[in-house]
1. Only one of Val80, Val139 is among the aliphatic types (A, V, I, L, M) and modelled with pLDDT of 95 or more; which?
2. Of the residues Leu66, Leu142, which single one is surrounded by fewer than 16 Cβ atoms within 10 Å (Cβ to Cβ) and touching a residue at least 12 places away in the same chain (Cβ under 8 Å)?
3. Regarding Leu122, is this residue farther than 21 Å from Lys87 by Cβ, in contact with a Gly (Cβ under 9 Å, 6 or more places away or on another chain) and of a type in the set (A, V, I, L, M)?
4. Taking the stated definitions as given, is Val34 closer than 30 Å to Lys194 by Cβ, more than 14 Å from the ligand (Cβ to nearest atom) and either crowded, with 16+ Cβ neighbours inside 10 Å or not hydroxyl-bearing (Ser, Thr, Tyr) (or both)?
5. Residues that are at pLDDT 95 or above and crowded, with 22+ Cβ neighbours inside 10 Å: does the stretch 268-276 have at least one?
6. Might you let me know whether the stretch 290-297 holds any residue that is farther than 19 Å from Ser242 by Cβ, of a type in the set (Lys, Arg) and surrounded by fewer than 18 Cβ atoms within 10 Å (Cβ to Cβ)?
7. Check whether at least one residue in the stretch 212-226 is in contact (Cβ under 8 Å) with a residue 60 or more places away in the chain, surrounded by 20 or more Cβ atoms within 10 Å (Cβ to Cβ) and not basic (Lys, Arg), and report yes or no.
8. Filter the stretch 227-249 down to the residues that are surrounded by fewer than 19 Cβ atoms within 10 Å (Cβ to Cβ) and not acidic (Asp, Glu), then identify the one that is farthest from the ligand (Cβ to nearest atom).
Amino acid sequence: MSELTKVLKIPSNGLEIMSNIKQDLINIEAKDFVNLGKISLYVKNKIHEKNLKYIIPTKKQRDDILLMLIKYLLTDSPIVAGSHRKKQWEDGWLENLKDYSKSKNLDSLIPKYFEKYKVQRLKGDFILTQSDNFEIGLVSILQYIIFEKYFKDSKSVYEFGAGTGHNLLRLREINKGAALYAMEWAKTGVEIIKNVAKDLNDNNLYGTVFDNFNPDFDIKLQPNSSIYTFAALEQLGSNTDSLIEYWIANKAKIIVNIEPMSEPLDNNELLQYLSISYFKKRGYLEGYINKLKYLEKKGRIVIHEIVRTEIGSLFIEGYSIISWSPAEDTSFDAPIIKGADSI
Ligand SMILES: C[S@@+](CC[C@H](N)C(=O)[O-])C[C@H]1O[C@@H](n2cnc3c(N)ncnc32)[C@H](O)[C@@H]1O
C-alpha cells in the first residue's frame, strides 16, 4: 500500500453494502453549484457530459457513516501533515510518473487518493456515488467553474502545490494562451508536468520545484500573475505566513485558495463540526482566513470573497474558497503577527 493510500485508510465499516441498496438515482446538476454564482453554458455541457449519478443515504446508512467518522476521530492515529511528509509525496507522485511514462495516458495523472469511497458530500450532506470516477468528476466541475470565473483571461497562472499538474490541464481547456506554472516541492510531480508539456507540445506549461514552507524569494513570478491552490495549503498547517508574504511581494493580481478551511464552517452543525475535527486531527490548514482578515484590516490585502461550496468527500467538506489580492500600495511594515487567528 502506498503512503498516499495509507493517508486515507479507515477501518472496514460496511460502506460497500450501502451502495447495493436500490434507490432512485439523482444526477449532479448546475443548481448544485449555486453558491459559486452563475454557471456558463460551457460548464453546463461539462456537467451533462460527466453524467454523475448518486443516491441519498437512508437514515440507517447516514448513521453508519457518522458512527464510522466518530470512531475514526476518537481512535485512529492519523498521518499528520507537515514537512516530514515530503518523501511520502515524492513516492506517491513517483507512482503516477511511472504509470504515465508507461501509458502516456493523462488519466494516470489523477491522484490515487480519489475514488476510494462511495461517500461524498454535496450541499453539505452525505451522498452515495453511483457513477465511476464520480469524485474526480465533481472536482473537475468545481474547477471548471472556478477557472472560468477567475482565470479565463489571465496571462499567467501558477498553481502552488500542484502535485502531478492534472488541475492545470483542466485550466488549459479554459485558457489556451496563458503561461501555466506547476509549483511543487516533490521533484517527481515537477517531472510529470515537464514530461506532459513535452508530450502535448505545450511550450507554455512549466514545472518548478518550490517549497511552500520556505518560499525562494529569488524566484520571481510574472507581473500581474494569477495564483491558485487546490487542496495544497492544507498541508501547511498554520505555517502559511512566508507563502502569503511571497505572494504579496510578487504583487500577484489575484490569489484563489480552494482548501479545507474551518472558518466558513459552523461548529454547531454536526457534519461541519466533524469536518473541522478532522482538519485538526490531520494538522490541516489552521487560521488562514482569520490571518487574511487581519491583513485586510491592516490595509495590506483585499479579500474579494469567501465561499462555502458545501462540496467534499467522506471525511471533510474540503473545498471552501477564499479569493484575495495584495493591496495596491503594499508596505512591509505590518508583518503577519502570530496569534492573528484570534482576531
Ligand atoms: C493533496 S495534494 C494536492 C495536489 C494538487 N493540488 C491536486 O489537487 O491534485 C497536496 C500537494 O501539496 C504538496 N505540498 C505539500 N507541502 C508542500 C510544500 N511545503 N511545498 C510545496 N508543495 C507542497 C504535496 O507534495 C502535494 O502535491
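1. Val139
2. On the way: Leu142 fails: surrounded by fewer than 16 Cβ atoms within 10 Å (Cβ to Cβ).
Just one listed residue meets the conditions, Leu66.
3. So Leu122 fits the description; yes.
4. No.
5. yes
6. Yes: the stretch 290-297 contains one or more residues that are farther than 19 Å from Ser242 by Cβ, of a type in the set (Lys, Arg) and surrounded by fewer than 18 Cβ atoms within 10 Å (Cβ to Cβ).
7. Within the stretch 212-226, one or more residues are in contact (Cβ under 8 Å) with a residue 60 or more places away in the chain, surrounded by 20 or more Cβ atoms within 10 Å (Cβ to Cβ) and not basic (Lys, Arg).
8. Only one residue tops the list, namely Ala249.
The values are calculated or read from the model by the stated rules, or taken from the named source; none is laboratory data. Fair warning: this is a prediction, and the values are worked out from it, not measured in the lab. Here Cβ is always computed from backbone atoms with ideal geometry, including for glycine, and neighbour counts include all displayed protein chains.
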